[in-house]
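Peer 1: Below you'll find the structure I mean.
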Amino acid sequence: MPKMRFMTIERHIIEGEKKHPGATGELSRLLSDLVLAFKVISLEVNKAGLVDILGFAGSENVHGEQVKKLDVYAHEMMFKAMDHGGHLCIMASEEEEDIIHIPSNYEIGKYVLLFDPLDGSSNIDANVSIGTIFSIYKRVSEDGHPGTQEDCLQQGLNQVVAGYVVYGSSTILVYTTGDGVHGFTLDPSIGEFILSHEDIRIPKKGKIYSINEGNYKYWHPGLKKYIKHLQEEDAESQRPYSSRYTGSMVADVHRTLLYGGIFMYPADSRSPKGKLRLMYECNPMAMIMEAAGGRASDGTKRIVEIEPTNLHERTPIFIGSEYDVKQVEEFMANEESLSWIDKL
Ligand code: P6P
């Protein structure tokens with residue numbers, strides 16, 4: 001195992017920028033602003049059990065879900081860290097119905113930031129890992145003016161950076177600019193994210209599947225057959241697979257990225273588009289997984305090829321090892337029950 005270079009994420013970002021001669025350094029400075037926000041959110045998440053920040057904030061977010069105080073805190077921290085750096089023309093958050101404009105007294109930049117400030121928040125009180133997910137695009141509207149909805153509603157193919165932070169037994173930041181996937185572990189004693197997982201590659205095939213089996217009754221019949229297939233015994237294909245599901249996308253996808261296998265949140269007869277959000281959950285995770293040699297689809301096509309129409313639209317997602325994602329796609333395509341999906 002080659003000795004890991006002692007490298008902070010700031011140094012890694014600068015080194016990455018040098019690979020692009022035309023780089024202005026603006027993206028590097030944007031990422032450094034983001035890193036500050038993650039450090040502060042991590043501090044708050046890790047002490048949440050000690051101060052009165054747990055429990056419901058008493059309000060509901062745009063999706064009618066009870067908002068926990070840490071959700072609000074993380075959203076506000078991201079905004080405060082990112083609104084004045086002069087790198088962004090617009091932002092969008094899971095916690096805000098509409099696009100978020102840069103205050104008029106701050107400089108307008110050429111990038112777009114979409115984020116889920118604290119994903120998996122229903123797990124906060126149970127101290128299960130939660131996370132922040134982010135996605136960065138270049139603006140498509142005219143420079144020098146406030147950003148628009150069009151800047152936010154781009155295909156995932158256009159992402160320039162995607163990443164997540166998982167606040168767990170340690171705080172780990174994973175990101176890609178398309179040139180490899182790299183992980184950094186926060187050393188709280190020095191307040192730095194240190195390179196801990198260089199050039200992550202997902203195994204081509206795994207032996208872990210991750211899905212909420214409580215929804216079995218509502219699934220596509222082809223998906224039911226696939227899960228039963230994974231539970232059969234066959235040493236050659238390493239079946240039965242193990243089942244792991246935390247109910248926190250960032251934790252489940254992070255484990256899938258490192259160990260291989262597949263994470264799924266499918267459409268079902270109750271949720272025709274599944275549950276997870278395209279723009280600030282599925283697209284960034286899909287860019288990361290593809291950059292690590294994996295696959296991410298909605299069951300038929302790549303997540304990053306979906307043409308978005310709404311900031312908060314949902315999509316089914318099957319993400320992980322290429323072999324496993326392609327296998328579940330085949331099980332669903334081979335079932336006559338495609339008409340079942342058409343009836344949704
Ligand atoms: P379910 C958390 O609320 C979340 O948005 C994702 O982090 C997670 O993967 C999913 O929902 C869990 O949903 O329906 O299994 O509880």
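The values are calculated or read from the model by the stated rules, or taken from the named source; none is laboratory data. The model shown is predicted, which means the values in this text are computed figures rather than measured ones. Virtual Cβ from ideal backbone geometry, glycine too; neighbours counted across all protein chains shown. The protein model used for the area step is the full one, side chains on, heavy atoms only, and it has no ligands, DNA or RNA in it. Shrake-Rupley method; radii C 1.70, N 1.55, O 1.52, S 1.80 Å.
Peer 1: Can you say what percent of the DSSP beta bridges in the chain, counting only those with both residues inside, are antiparallel? Round to 5. Intermediate values should be presented prior to the final figure.
Peer 2: Numbers: 45 of 54 bridges.
The answer is about 85 percent antiparallel.
Peer 1: Cβ under 12 Å from T246's Cβ, T246 left aside: what net charge do those residues give with Lys, Arg +1 and Asp, Glu -1? Show your work: numbers first, answer last.
Peer 2: Numbers: positive: R244, R255; negative: D119, D252.
Computed value for this residue: 0.
Peer 1: Could you work out the helix-only [θ] at 222 nm for the chain, with each DSSP H run of four or more residues adding -39,500 (n - 2.57) and the total divided by the number of residues, to the nearest 500 deg cm²/dmol? Let's see the in-between values first.
Peer 2: Working: 9 runs with 98 residues, N = 344.
When only DSSP H runs of four or more count, the value is -8500 deg cm²/dmol.
Peer 1: Could you work out what % of the accessible surface of segment 9-197 is carbon and sulfur, using a 1.4 angstrom probe and leaving DNA, RNA and ligands out of the count?
Peer 2: Numbers: 4050 of 7980 Å².
The value for segment 9-197 is 51 percent carbon and sulfur by accessible area.
Peer 1: Output the pairs from K110/K301; K207/K326; K138/K205; K47/K204; K3/K110; K47/K80 with a Cα-Cα distance over 26 Å in this structure; if there are none, say none. Each step should come with its number before you reach the end.
Peer 2: Values: K110/K301 30 Å; K207/K326 14 Å; K138/K205 34 Å; K47/K204 38 Å; K3/K110 37 Å; K47/K80 20 Å.
Exceeds cut-off: K110/K301; K138/K205; K47/K204; K3/K110.
Peer 1: For segment 156-221, what are the per-bin percents of Cα-Cα distances with bins 5 Å wide, up to the bin holding the maximum?
Peer 2: So the P(r) values, bin by bin, are 4, 13, 16, 15, 18, 13, 11, 7, 2, 1, 0.
Peer 1: DSSP beta bridges in segment 208-343, what fraction antiparallel, as a percent rounded to 5? Don't jump to the answer; show the numbers that get you there.
Peer 2: On the way: 10 of 14 bridges.
If I count the DSSP bridges inside segment 208-343, around 70 percent turn out antiparallel.
Peer 1: Per residue, what accessible area does the chain have, given a 1.4 Å probe and all protein chains present, in Å²? Can you show the working numbers first?
Peer 2: Working: 15100 Å² over 344 residues.
So the chain comes to 44 Å² accessible per residue, rounded to a whole number.
Peer 1: Calculate the translational D of segment 9-197 in whole µm² s⁻¹ from Stokes-Einstein, where the hydrodynamic radius comes from the Kirkwood formula applied to all Cα pairs, the temperature is 20 °C and the viscosity 1.002 mPa s.
Peer 2: Approximately 125 µm²/s, per Stokes-Einstein.
Peer 1: Only helices at least 18 Å long along their axis, Cα-based, and averaging 0.5 or more on Kyte-Doolittle count here, so list those DSSP H runs from the chain. Mind dumping the intermediate values first?
Peer 2: On the way: long enough: 26-47 (33 Å, 0.72); 69-82 (20 Å, 0.06).
In the chain, the long hydrophobic H runs are 26-47.
Peer 1: Let me ask something else about it. Tell me which trypsin sites (Lys or Arg not before Pro) from segment 246-309 have a DSSP coil assignment and no more than 13 other beta carbons within 10 Å of their own.
Peer 2: Numbers: sites: R255, R270, K273, K275, R277, R295, K301, R302; in loops: R270, K273, K275, K301.
Within segment 246-309, the qualifying trypsin sites (Lys or Arg not before Pro) (loop, at most 13 other Cβ atoms within 10 Å) are R270, K301.
Peer 1: Another question, then. If you place +1 on the Cβ of every Lys and Arg, -1 on the Cβ of every Asp and Glu, and leave all else neutral, what size is the dipole of the chain about its Cα centre, to the nearest 20 Debye? Mind dumping the intermediate values first?
Peer 2: Working: 35 positive and 50 negative charges, 194 e Å.
That gives the chain a dipole magnitude of about 940 debye.
Peer 1: What dipole magnitude, in Debye to the nearest 20, does segment 199-344 give about its Cα centre under +1 on Lys/Arg Cβ and -1 on Asp/Glu Cβ? Provide the component values of the computation, followed by the final result.
Peer 2: Working: 21 positive and 21 negative charges, 67 e Å.
Result for segment 199-344 is approximately 320 debye, rounded to the nearest 20.
Peer 1: How big is the shadow of the Cα convex hull of the chain, averaged over all directions, in nm²?
Peer 2: So the Cα hull casts an average projection of 18.5 nm².
Peer 1: When we measure straight from the Cα of K225, which aspartates and glutamates land under 15 angstrom away, once same-chain ones fewer than 8 places off are left out?
Peer 2: E213, E233, D268, D324, E329, E330, E335, E336
Peer 1: Follow-up question, since we're still on this one. Where does the charge balance sit around P21 when Lys and Arg score +1, Asp and Glu -1, over other residues with C-beta under 15 Å from its C-beta?
Peer 2: Details: positive: K18, K19; negative: E15, E17, E26, D179.
Net local charge, P21 excluded: -2.
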